[in-house]
Structures are given as structure tokens and as C-alpha cells.
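Please treat every number below as a calculation from the coordinates, not as lab data. For clarity, every value in this text was computed on a predicted model and none was experimentally measured. Methodologically, a virtual Cβ is constructed for each residue, glycine included, from the backbone with ideal geometry; neighbour enumeration extends over all protein chains shown.
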């Protein structure tokens, strides 16, 4: 997370009233969750009983896409638009909850789903706390 | 849009009650808007008065990212999750409205902003109509 | 493809010696192929014999990601870097050939793989012709 | 990087002869570089002399897109395709070198460019070492 905080500190204009700790954690969680969901979709695809995991894979793919987009948007501060930030954070919280639920169903059977469910919970929480701090 | 409709027709399971015309148009609008916003951000970057366009560029970049993610999610039908679909469509409608407003301010001065504002309006409308049809 | 050509025409600086017809077709092919591969991965995921399609799904996901990135990079003209353009076009041609081959194996069985294989061939050809025209 | 290694360890099939340390570092570098380049493009956009940074911004945007795609592809192991892996790694190495050079030119003036140039060098090196280890 060092690079995220370093980049926040070098931003040349005012970052406004946003909570920098919560922002940095949310950016980190979004990128980490995008990677984990991409890897979980692929691990599911290599399971012998992949047919039982099709819904989980689809959820992983959606979660990776939305987390990545959220992570990008939160990394930009120029011309801040509260409506856009809030709406993508809400979509991210929604898909993390859904993907976390899907992975949790298989977490007893598949280690990658257990790790991924935990990551989704972390990202859901980070989005939730950042939304709350936006006021 | 031919390839989008063709792929919808070849989906092996039931697509549910979704309005296929509105879905196909929304997928097309999302991908077209992602391309147009990417090109508009770059065209703005080459304008002599780029300093006046920084907010517009940022809006273009956000819009390209969310439209692309929405286009991907709408292209998936396995394990359909109404909450995820609705939340990403709402984020997409929000960013298209914002980016359309930003580009419209410069549409008298810059042709690329005029074309891009129109595309954002089309995508905002397509998201809005698909959201309504979801019930 | 109208919006792609319109945006090319509104670019405020010189586009250089690039073949605009081949460029526009390649941008269109990249975005169309990204959509088609995303939809084909999802359609494969809903097939009863999904276990036979895991390699095809993985290839679809890679192809969607690289095509999307190529389409974005080709949509930018500011500070043109021939090495970057050439290397992403080569990666795109490689993944389209690979994904086209994977889908073709199942094109007798699955209509979505037949449509997707054709799209991959179109995008491979568009990348190939654009690379040649770069000299 | 913990989550990347954890996911590598939970992959259900054989990962082949790939060097896991180099693979994990390259995945981490790709995602970190995608975030840093996204933030650097935005920080450049907020500089008073943004007109002097247009080429740097464009390079940042390309680098973020290719790094993200590389990070995704390296996170997948099912149906491994050496040609695709090698070609995206070569594109990633090329864009990281180019973006690192662009940012370095401004690293005396702008801290975000200094941090970003270092990140691009790290990612270029990680791609280079992974390519070499592929044999």
C-alpha cells in the first residue's frame, strides 16, 4: 500500500475533506480484490466439478471488473464528482457482497474460494466505510 | 450491433424476461461510449488549451472505465444477479450524465466534445431504459 | 463504426502517416472482439459440458482483455509511440489467433464458438494489416 | 503480495515449471504499476503546466491499461499458452520502459513522476526476468 499513499501525498492540488486512510485502504482493497477474483475464477475453471461453480465464476468476473474500475476512479482526484464516486462505490460494495456470498458457499471445499471470500469482505467493508465518510 | 444480437441468440440457456432489444442497444452503447470517451480524452489532451479541459478529461476517463465494465457485465447472463446489474447500470447512467454535461460545455468549441456529448446522452438513455425495463 | 471515424476526424493535431481506414477497422474489430469473447466465455460457462470448454473460456478471457486494451491504445494519438503500438498489436494478433483456434475446435458444436471464431479471425486480420501498414 | 502468493498456492492443478517467486512479483508489479500510472496521469492533469505533460499522460494511460491486462493474464493458469504470455509480457516491458522514460524526464520537477518512473522500472524488470525464466 506504500505506493498508493505516496501517490496521494504527491497530488499537486487539494484532496479536499476525504479521509486519506480510508481512501488508501479502499484503493488497495479494490486492486487486491480484482487480482484475487481473477485468480479465483481461473482456479474454479480448473476444478473437476467446474459445472457446480459456474455462478461463482461469473460473480468473480463481475467483481474483478467493478473493483478494477473503482480502484481507478478512486485513484483520480482532478474535478472530483461526488455522484460518480458514490455510485461506483455502491456498485462495488454490492458486487463484493454478492461475490463474497458466492465464494463462501464453496469455502469449505475450495481454498481459493475461502481466500477470495475474505478478500471480498475486506473490499466490501472498505467501500462501506469510505461511503460513510463521504457524508 | 449484429455481433451483439448474434451472441444473445446463441446463449445456451434461458435469458429470462429481459427486453432483448433494450439489452442489445445498451451493450452497444456502452462499448461505443467507452471508445468515444477514450478518444475524446486523448483529443482534449492535444488541444492547445488543455488546461481548460482537465475536468473534462477526467470525466472521459471515468466514463470510459464504467461503460466498459457495464458492457462486459451486460454481456454475461450466467447466474444473473439483479442487484449487481442494477447497481452498475445506475453508476453508468450517473457517469454518462456527468460526462455528457462536461463535454457539452465545450461542444461549441471542440467537435470531439460535441460527438462525445451525444454518445454519452445515448448511453445514459440506454441505461435508463434498461433499468426501467428491469421492473 | 461511424463514431470511430467521426472521432478520428475531430482529432485536433496531425494523425501522421497512419492508414485511417485500417486504423478505424482495427479499433472497431478490437472492441467488437472484446464484447464477443466476453459473451462467448459466458455462453461456454452455461454449457452442460463446461468442463470440456475450460481452455476455451480462459482463451476468451485473455482475448477480451487484450483486445480491449488494444482498442483503447489505438484510440489515442497524442505522443504516438511506434514501439508500444506495434507490441500491443502483436500481442493482440497472437491472442486472436489462439482464441480463434480454440473456438474453432468447438464451432461445430456451439454456435457461440462459431461466431466468436469468426470475430477473432477478423480482429487478427485487422491487426495484421495495421502492423504491415506501419512499415 | 500475500494474497497473490496465497492464490498461487490454492490453484488446484499443476502450475508447471514457472518460477513462482518471479511470477508473484510480476503480478504484484503489474497491479501496483497500473494504480501508480493511473494516479500519475491524474496528478499530471492537475499540474499548472499540464500542456507540457500531455505525452507523459498519454504514456501513463497506455501503461496502466497494458499492466492491468498483463496482471490479469498472469493470474490465470488454466490452458496456459506460452505465446500469449510471452507477447503480453513483451508489450508490458515495452510500455513500462517508455513510460518510465517519459516520467523520468519530469522527475526533478514532479514527485508523482519520480515515484511513477521508479514503479515503471520495477515492472519492466519484473517482466524482463519473467520472460527470461520462461526459457
Kindly put B:114, D:20 in sequence by how many other C-beta atoms sit within 10 Å of each C-beta, fewest to most.
-> D:20, B:114
Between chain C and chain B, with a rotation axis joining them, whose C-beta in C is nearest that axis, and what is the whole-Å distance?
-> C:31, 3
With axes computed from alpha carbons, what is the tilt in degrees of helix A:82-105 against the longest principal axis of chain A, rounded to the nearest 10 within 0 to 90?
-> 20 degrees
Order by neighbour count: C:22, B:49, A:125, fewest other Cβ atoms within 10 Å first, most last.
-> B:49, A:125, C:22
Alpha carbon centre of segment B:81-135 versus segment D:97-123: separation in Å?
-> 34 Å
By the C-alpha gyration tensor axes a ≥ b ≥ c (rounded if a/c is under 1.5, else prolate when a/b exceeds b/c, else oblate), the shape of the protein assembly as shown is rounded
Distances in nm from residue D:18 to the matching label points in the other copies, shortest first (labels 7 Å along Cα to Cβ) | 3.1, 3.1, 3.2
Counting helices only, and only those DSSP H runs with n ≥ 4, report the 222 nm mean residue ellipticity of chain D as the sum of -39,500 (n - 2.57) divided by its residues, in deg cm²/dmol to the nearest 500.
-> -26500 deg cm²/dmol
Quick one: angle between helix D:54-74 and the longest Cα principal axis of chain D, in degrees between 0 and 90, rounded to 10, please.
-> 10 degrees
Relative contact order computed over segment C:17-79 (Cα-Cα under 8 Å; 6+ residues apart), in percent = 45 percent
Describe numerically, in nm with one decimal, the distance between label points set 7 Å from Cα along Cα→Cβ at residue D:101 and at residue D:125.
-> 2.0 nm
Which of C:134, B:8, C:45 comes first, and how do the rest follow, when ranked by fewest Cβ neighbours within 10 Å?
-> C:134, B:8, C:45
Chain C, relative contact order in percent, only Cα pairs under 8 angstrom and at least six apart counted | 29 percent
Roughly speaking, what is the stretch gain from residue B:109 to residue B:49, that is 0.36 nm per residue apart minus the C-alpha to C-alpha distance, in nm to one decimal?
-> 20.5 nm
Taking segment A:60-135 and dividing mean pair separation by its residue count, relative contact order in percent (alpha carbons under 8 Å, at least six apart) | 31 percent
Inter-copy distances for residue C:135, nm, shortest first, label points 7 Å along Cα→Cβ, are 4.1, 5.8, 6.1
Of B:60, B:102, B:83, which has the largest mean-square fluctuation in a 10 Å C-alpha GNM of chain B?
-> B:83
Alpha carbon centre of segment A:7-74 versus segment B:1-49: separation in Å?
-> 23 Å
Could you tell me whether segment D:19-134 comes out rounded, prolate or oblate from its Cα gyration tensor? Rule is a ≥ b ≥ c as square roots of the eigenvalues, rounded for a/c under 1.5, then prolate if a/b exceeds b/c, otherwise oblate.
-> prolate
